[in-house]
1. What's the magnitude of the charge dipole for the range 70-159 around its Cα centre, counting Lys and Arg as +1 and Asp and Glu as -1 at the beta-carbon? Answer in Debye, nearest 20.
2. Per q in 0.25, 0.29 Å⁻¹, report the Debye log10 I(q)/I(0) for the range 55-115, using one uniform scatterer on each alpha carbon and no solvent.
3. Give the dimensionless ratio obtained when the Cα radius of gyration of the range 202-301 is divided by 2.2 N^0.38 Å.
4. Measure of size requested: the Rg and Dmax of the range 114-191, with Cα atoms as the atom set and Å as the unit; please supply both.
5. Evaluate the Kirkwood expression for the hydrodynamic radius of the chain, namely the inverse of the mean inverse distance over all pairs of different C-alpha atoms, and round to one decimal in Å.
6. Could you tally the net charge around GLY231, taking each other residue with its Cβ under 11 Å from the Cβ of GLY231, Lys/Arg +1 and Asp/Glu -1?
7. Counting only pairs 8 or more residues apart or on different chains, how many lysine pairs in the range 13-299 have their Cα atoms under 26 Å apart?
8. Can you compute the label reach from GLU7? Point 7 Å from Cα along the Cβ direction, backbone N cut-off under 19 Å, restricted to the range 214-240.
Amino acid sequence: MTPLFAELPAEVSIYEVSPRDGLQNESAYVTTDGKRRLVEALVAAGLRRVEISSFVSPRWIPQLADAEELARSLERPDGVTFSALVPNAKGLGRARAAGLREVAVFLSSSETHNKKNIAKTIDETLAVYREVTAEAAREGMRVRAYVSTVWGCPYEGHVDPRRALAITRALLEMGCYQVSISDTIGVGTPRQTRDIVELFLAEFPASQLALHLHDTRGTALANIVVGLELGIRDFDSSVAGVGGCPYAPGAAGNVASEDLVYMLHGMGVKTGVDLPRLVTAGKVAAALLHRTLPGKVHQAGVESLKA
């Protein structure tokens with residue numbers, strides 16, 4: 001029998017989504033200056049991949065209406081990649097004009113969730129993204145992708161993961177460099193996660209996959225451990241656990257970045273992140289939102305245990 005944790009990696013990459021995936025679901029509007037301070041605190045903590053906003057219509061997500069202003073206000077340190085969500089070629093053009101060199105596209109493996117979230121069928125959405133990825137390639141930009149509701153849908157319930165597999169195949173074939181498969185409503189359990197990840201790894205190399213796991217039922221870290229053991233090396237997280245999904249009622253935020261880093265460092269896996277500074281970034285987010293956020297390390301702190 002293989003020992004637990006026998007095949008852990010030396011290091012992993014964390015893709016921070018709180019400025020976009022976190023703030024988009026907040027009722028309170030955070031000013032551009034506040035968002036900039038949050039992004040700067042995340043970079044100061046050592047995060048090197050940060051999704052800063054979304055270039056969708058302000059009618060859909062008014063909290064992120066200042067995407068251009070925010071992107072133009074940020075310094076771009078060496079080794080740091082800022083990205084933003086785009087829904088179509090117009091959004092790509094806005095992101096490019098604001099100075100970004102990487103964008104992300106998004107769709108669901110559930111037709112119902114996709115129509116509520118994007119107002120298109122899955123096939124219609126893929127057709128739009130073929131245009132986006134082709135234009136991005138011409139401009140020398142990189143494109144990442146999300147596939148939502150892989151573990152389950154708030155409207156359809158169970159979703160056959162082979163639907164997400166086919167969508168992921170299409171996204172990679174059109175030029176996306178990585179696809180983040182998402183438990184949007186946080187229903188996943190470790191055995192289910194093993195089945196899904198093994199299905200994907202049978203067709204795609206681990207470097208082309210990431211996990212985006214919401215912590216609605218407290219199982220995100222357990223599911224991440226399964227992903228680690230199977231070879232996944234890229235994980236999305238949100239500082240202090242801020243966020244949710246506007247079109248997934250009851251969904252909590254993505255796994256808290258501090259909780260993820262605390263666990264990984266305790267297992268001997270490097271992240272390049274300074275945990276105390278990351279906790280400080282979580283405090284910045286809490287101050288901007290005027291409330292305590294759900295992350296466990298955010299609330300408990302990181303004091304070392306005394307012998």
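Just so you know, all these numbers are worked out from the coordinates, no wet-lab data involved. Note that the coordinates shown come from a computational prediction; the quantities given were computed from them, not determined experimentally. Cβ: placed from backbone, ideal geometry, glycine included. Neighbour counts: every protein chain shown.
1. 280
2. The computed values of log10 I(q)/I(0) come out as -1.08, -1.28.
3. Dividing the Cα radius of gyration by 2.2 N^0.38 Å gives 1.10.
4. Reported Rg and Dmax, both Å: 13.4, 41.
5. Value: 19.2 Å, from the Cα pair sum.
6. For residues surrounding GLY231, the net value is -3.
7. Taking the range 13-299 as the scope, the lysine pair count is 9.
8. Answer for this model: 222-235.
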